[in-house]
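Structure first, commentary second.
The values are calculated or read from the model by the stated rules, or taken from the named source; none is laboratory data. Computed from a predicted structure; not experimentally measured. Cβ coordinates were reconstructed from backbone atoms using ideal geometry, including for glycine residues, and neighbour counts include every protein chain displayed. For the accessible areas, the whole protein counts, side chains as well, though only heavy atoms, and no ligand, DNA or RNA atoms are used. Shrake-Rupley method; radii C 1.70, N 1.55, O 1.52, S 1.80 Å.
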Amino acid sequence: MSSVREAAPPSRPDMKVGNNPLHVAIFFGVLLGALGFAAVSILHDMHAVGEGTLATGTFVLLGIALIIALGFEFVNGFHDTANAVATVIYTRSLPPLVAVVWSGFWNFLGVATSTGAVAYSIVTLLPVELILQAGSTAGYAMIFALLIAAIVWNLVTWAFGIPNSSSHALVGSIMGVGLANQMMAPTGAATQGVDWGQVEKVFSALLFSPVCGFVMAALLLLTMKLLVKNRALYKAPEGDKPPPLWIRSLLIFTCTGVSFSHGGNDGQKGMGLIMLILIGAAPTAYALNRAMPESAMPAFIQSADRAHQAFQAHAGDVPAAPDELKAREIVGAALRAKSVSSPETFAALAMLSDDISSSVRTYGSMKAVPAAAVPNVRTDMYLVADAIRVMGEKNEAFSADDKKALKSFQSDLYAGTRFIPLWVKVSVAIALGLGTMVGWKRIVVTVGEKIGKTHMTYAEGASAEIVAMTTIGLAEGYGLPVSTTHILSSGVAGATAANGSGLQASTLKSMALAWVTTLPAAMAISGCLYILFRQLF
């Protein structure tokens with residue numbers, strides 16, 4: 001993998017900004033403020049539920065894990081957020097510093113208003129036992145290994161100025177940890193390596209990203225040429241002169257849209273892992289969504305009872321498990337095997353559904369569940385929700401009404417366990433923004449002048465940004481992680497090719513090489529780190 005050494009065009013924007021003492025002071029002020037805000041928020045959440053002071057070792061591991069998770073989002077900003085500002089900088093629509101701050105602000109809003117669906121689609125790639133034991137030594141080894149591996153690979157590609165997908169690196173890291181976890185399991189032990197069904201789903205979205213970006217941006221530019229005859233749109237900027245107002249407004253709008261969509265999609269990828277860290281270290285405060293209102297509990301209980309009846313009806317004459325512990329073992333084994341269809345499994349799911357209903361009925365609300373009962377209640381909720389997910393819509397054993405009831409119960413279970421506190425969103429958004437301010441130049445230069453042979457035109461930049469904004473926004477709505485980097489950089493390539501501007505083969509080769517090697521490299525790094533950390537812990 002080699003850095004591209006093409007000569008820069010004479011009209012490169014002035015990007016010597018952001019390094020004066022005031023900017024440095026603001027940067028470190030925001031950094032310290034974000035870390036302090038996160039620490040105060042954790043203490044407040046723990047105090048609100050009456051959880052005692054954490055043991056010193058747990059507190060240290062929690063702090064290190066959170067810093068590493070936010071570090072991943074910080075490095076994510078080097079790559080992905082920088083793509084959003086490349087087009088407005090190289091078309092002179094916004095000055096570099098203004099573009100970076102503007103993009104950071106809309107990334108913040110995107111993260112703050114995100115649903116959390118993408119965050120938990122990443123989490124479902126992890127082995128079941130590691131998710132349920134996030135506070136164990138194996139859980140911390142998993143978090144450290146996969147995040148550090150993704151950070152290392154992102155930094156390597158950034159150092160060479162090659163646009164790389166943080167999503168791609170994170171998925172590879174998770175796969176590496178899963179395989180290493182399976183290899184380290186004792187012979188005959190019940191353990192899971194990689195959920196290949198989920199990997200296929202996520203990887204399909206990542207594979208779709210560069211193809212979609214290239215083809216759709218090329219088609220959009222050709223359509224613009226047919227419909228919009230204004231020649232200024234297809235010309236490069238003249239010196240430092242900003243584009244006409246309507247073109248400038250379009251480019252700023254698309255930059256805003258990409259930044260917002262990026263925050264809503266990529267910003268979530270570290271959130272699910274941060275929640276695993278918090279659940280492991282302070283389960284009383286974070287294992288259950290204590291913000292669920294008491295008014296929602298009667299409907300929740302009714303949904304649980306309806307699911308219990310559906311599972312029990314399909315259990316047949318199979319006797320119930322002797323206790324909840326055995327029922328959890330049965331469901332866990334079914335999830336590892338990806339086969340939730342036996343009467344024994346349905347009997348176990350019926351018992352767990354009834355246990356969930358009884359707990360909520362006894363305590364009255366999620367926030368009233370006592371600390372001692374929280375781990376078991378969350379485990380039951382996670383296992384049943386994941387079992388319904390694995391069953392999917394293709395399970396012909398259930399009627400349409402049963403499927404509807406189970407889907408409704410799954411939604412209620414997700415509401416109780418899949419939540420992101422506001423302070424986590426704020427911390428991730430700040431990490432993304434600060435990462436952009438530090439590392440934006442390398443990737444901006446590559447996207448702006450090393451993909452095409454000529455200077456980027458207004459139409460090329462707008463086509464790539466419109467496609468990226470739309471695709472990423474749709475993916476967030478469906479809970480699919482996609483690569484902002486691949487969509488936008490390949491979009492620039494597609495629009496450039498359609499405009500007849502020519503492409504720099506050396507850059508495209510480096511990008512393709514990074515795409516091909518990211519998965520095995522991240523897997524190898526994270527797998528080795530996981531084995532090392534398991535020995536150390």
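Points to keep in mind about this one:
- The long axis of helix 21-48 is offset from the longest Cα principal axis of the chain by roughly 10 degrees.
- Degrees between helix 400-417 axis and first principal axis of the chain (Cα, 0 to 90, nearest 10): 70
- Ellipticity estimate at 222 nm from DSSP helix runs (n ≥ 4, -39,500 (n - 2.57)) divided over the chain, nearest 500: -24000 deg cm²/dmol
- Residues LEU536 and SER339, FRET efficiency given R0 of 35 Å [Cβ-Cβ distance, rounded to 0.05]: 0.50
- On the chain, 66 percent of the accessible area sits on carbon and sulfur atoms, based on a 1.4 Å probe.
- Computed lengthening from SER41 to LEU508, 0.36 nm per intervening residue step minus Cα-Cα distance: 163.7 nm
- The listed peptides 415-426, 279-290, ordered by packing as a protection proxy, come out as 279-290, 415-426 (highest mean of other Cβ atoms within 10 Å first).
- FRET efficiency estimate (nearest 0.05) - Cβ-Cβ, ASP317 to LEU155, R0 45 angstrom: 0.15
- Residues GLN182 and LEU109, FRET efficiency given R0 of 60 Å [Cβ-Cβ distance, rounded to 0.05]: 0.90
- Taking amide hydrogens as placed 1.01 Å from N in the peptide plane, the amide H of GLY452 sits under 5 Å from those of GLN504, each at least 5 positions away in sequence or on another chain.
- Burial ranking of peptide ranges 58-64, 169-175 (average Cβ count within 10 Å, highest at the top): 169-175, 58-64
- Order by protection proxy (mean Cβ within 10 Å, highest first), peptides 448-460, 400-412: 448-460, 400-412
- Angle between the chain longest axis and helix 422-449 axis [Cα atoms, degrees, rounded to 10]: 30
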